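Report on the following structure.
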Amino acid sequence: MKLAGRKILLTPGPATTTYGVKLAQVVPDICPREKEFGRLLKSVCTELTRIVSDSEKYTTILFGGSGTAAVESILSSVVERDGLVLIVNNGAYGKRMCEIAEAYGLGHLVFHSPAHSALDLTALESLLDKSRRKITHMAVVHHETTTGLLNDIDAIGALCLKYGIHLIVDAISSFAAIPIDMRKMNIHYLAASSNKNLQAMAGISFVVAETELLEKNNPSKPKNYYLDLHAQYRFFSETYQTRFTPPVQTLYALIQAIEELKEEGVDQRYARYKKCWETLIAGITRLGLKYIASDNLHSKLVTSIFEPNVEGYSFKEMHDYLHSRGYTIYPGKLDEFKTFRIANIGDITFKDIESFLMLLETYLNRKGFVKDV
Ligand SMILES: Cc1ncc(COP(=O)(O)O)c(C=O)c1O
């Protein structure tokens, strides 16, 4: 078998994977209803739980699907018909949670905040104080992949504790890179997926939740079907199977990716990513490009960069130039500014970023882009 050539994805997931992860998918065919597969699923759930919490208090529930499936599963399963969820919207993924709430007709309030500055926690608390209806849940994105902005989950968790609110966190782009402790941060439900900092393949999304809540909150008339969190939890607890066909080979890749994460460690992985980010920032700054989100609020995982102000520039042309040379970059997602995004996650090192910067420099020089002084 010929091994695929190495391509560098500077996109916020799927990220570049190791050969070990790619090859782990080549396994003898197996029916996912077999006991041995169930044992694998069970151990994957335990390992995923351990990355952010402990199995005494928390459980992981797997779904076949992309990250949005996990977020949608939580919102549509746990916010009851008479419940009220306060959604923090400071980027595209906060907005997506609002759209999910609307699609399911959930009672919800929205706390709007700019995409590039820290949340005003005093204003957030005053909304909790002023609400005439009891707010039952708060939903927030940990790392807003739109800009690279990190929301302060410790502070939000403390607010939720004070007001007796269950906290839902979309940790899709922070899980397995930025250390998370669900107990300490008072997170009740967390959504993540296989294909970002976990460095596995796309196709598995999962929810880590307080087991007691999964046991207790069991609506008699669910609003969803495939994404019913409680039904998926119950079925798995009884059978060690998912209710519907799981992405079998993707699971083997995930097992390998978890092993590789354990070898590297979350802290070390984040240190590697941060070194990539520092290299990127030094490089783009030298070239004269500017980026959104100040360093103290930055995840150091994804950077939203202002497009170069030069005649004839097009994202597509720059993308195609870099893509044909092995580096894939990503468009921006902000309405108010023209940006593109570079993520520095996956199986890459700062050397890959240096090579990327050389190509970017050549491209910008060809366009006649000059640094503002
Ligand atoms: C914070 C966040 N939430 C949700 C998603 C959606 O994930 P998916 O495209 O896998 O459904 C993403 C994807 O980039 C994300 O970064």
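Could you say whether any residue in segment 340-356 is at pLDDT 95 or above, assigned to a helix (DSSP H, G or I), over 20 Å from PRO14 (Cα atoms) and in contact with a helix residue (DSSP H, G or I) (Cβ under 8 Å, 6 or more places away or on another chain)? Checked against the condition, which is being at pLDDT 95 or above, assigned to a helix (DSSP H, G or I), over 20 Å from PRO14 (Cα atoms) and in contact with a helix residue (DSSP H, G or I) (Cβ under 8 Å, 6 or more places away or on another chain), segment 340-356 yields at least one hit.
Residues in segment 184-200 that are assigned to a loop (DSSP other than H, G, I, E, B) and in contact with a Ser or Thr (Cβ under 6 Å, 6 or more places away or on another chain) were compared, and the one that is farthest from the ligand (Cβ to nearest atom) is GLN199. For segment 282-314, the set of residues classified as of a type in the set (Phe, Trp, Tyr) and closer than 18 Å to GLY148 by Cβ consists of TYR291, PHE306, listed by residue number. Scanning segment 49-71 for residues that are buried (at least 24 other Cβ atoms within 10 Å of the Cβ) and either away from the ligand (no atom under 16 Å from the Cβ) or under 23 Å from PRO219 (Cα atoms) (or both) yields a count of 6.
Looking only at segment 296-312, residues that are surrounded by fewer than 17 Cβ atoms within 10 Å (Cβ to Cβ) and not charged (D, E, K, R) come to 5 in all. Across segment 216-267, the number of residues qualifying as of a type in the set (Ser, Thr, Tyr), out of contact with any helix residue (DSSP H, G or I) (no Cβ under 9 Å at 6 or more places or on another chain) and surrounded by 15 or more Cβ atoms within 10 Å (Cβ to Cβ) comes to 1. Of the strands (runs of 3 or more DSSP E) lying entirely inside segment 71-141, the ones with 3 or more residues being over 26 Å from TYR226 (Cβ atoms) are found at 108-112.
Of everything listed in (1) in contact (Cβ under 8 Å) with a residue 60 or more places away in the chain; (2) within 21 Å of LYS223 (Cβ to Cβ); (3) within 15 Å of the ligand (Cβ to nearest atom); (4) crowded, with 21+ Cβ neighbours inside 10 Å, the single unmet condition for SER77 is (3). What's the total number of residues in segment 276-314 that are in a helix (DSSP H, G or I) and within 16 Å of PHE356 (Cβ to Cβ)? Final tally of qualifying residues: 12.
From the set of residues in segment 320-336 that are in a helix (DSSP H, G or I) and more than 16 Å from GLU361 (Cβ to Cβ), which is nearest to the chain's Cα centre (by Cα)? The selected residue is HIS323.
Per this entry, LYS22 is counted among residues that are under 21 Å from the mean Cα position of the chain (by Cα) and either in the same structural domain as VAL207 (by TED's automatic domain parsing) or outside any loop (DSSP other than H, G, I, E, B) (or both). In segment 153-180, of all residues being part of a loop (DSSP other than H, G, I, E, B) and more than 16 Å from the chain's Cα centre (by Cα), the one that is surrounded by the most Cβ atoms within 10 Å (Cβ to Cβ) corresponds to ILE165. State whether the residues of segment 41-63 include one that is within 30 Å of TYR321 (Cβ to Cβ) and more than 20 Å from the chain's Cα centre (by Cα). No.
The values are calculated or read from the model by the stated rules, or taken from the named source; none is laboratory data. Remember, predicted model here, so these are calculated numbers, not experimental data. Glycine gets a Cβ as well: all are built from the backbone with ideal geometry, and neighbour counts include every protein chain shown.
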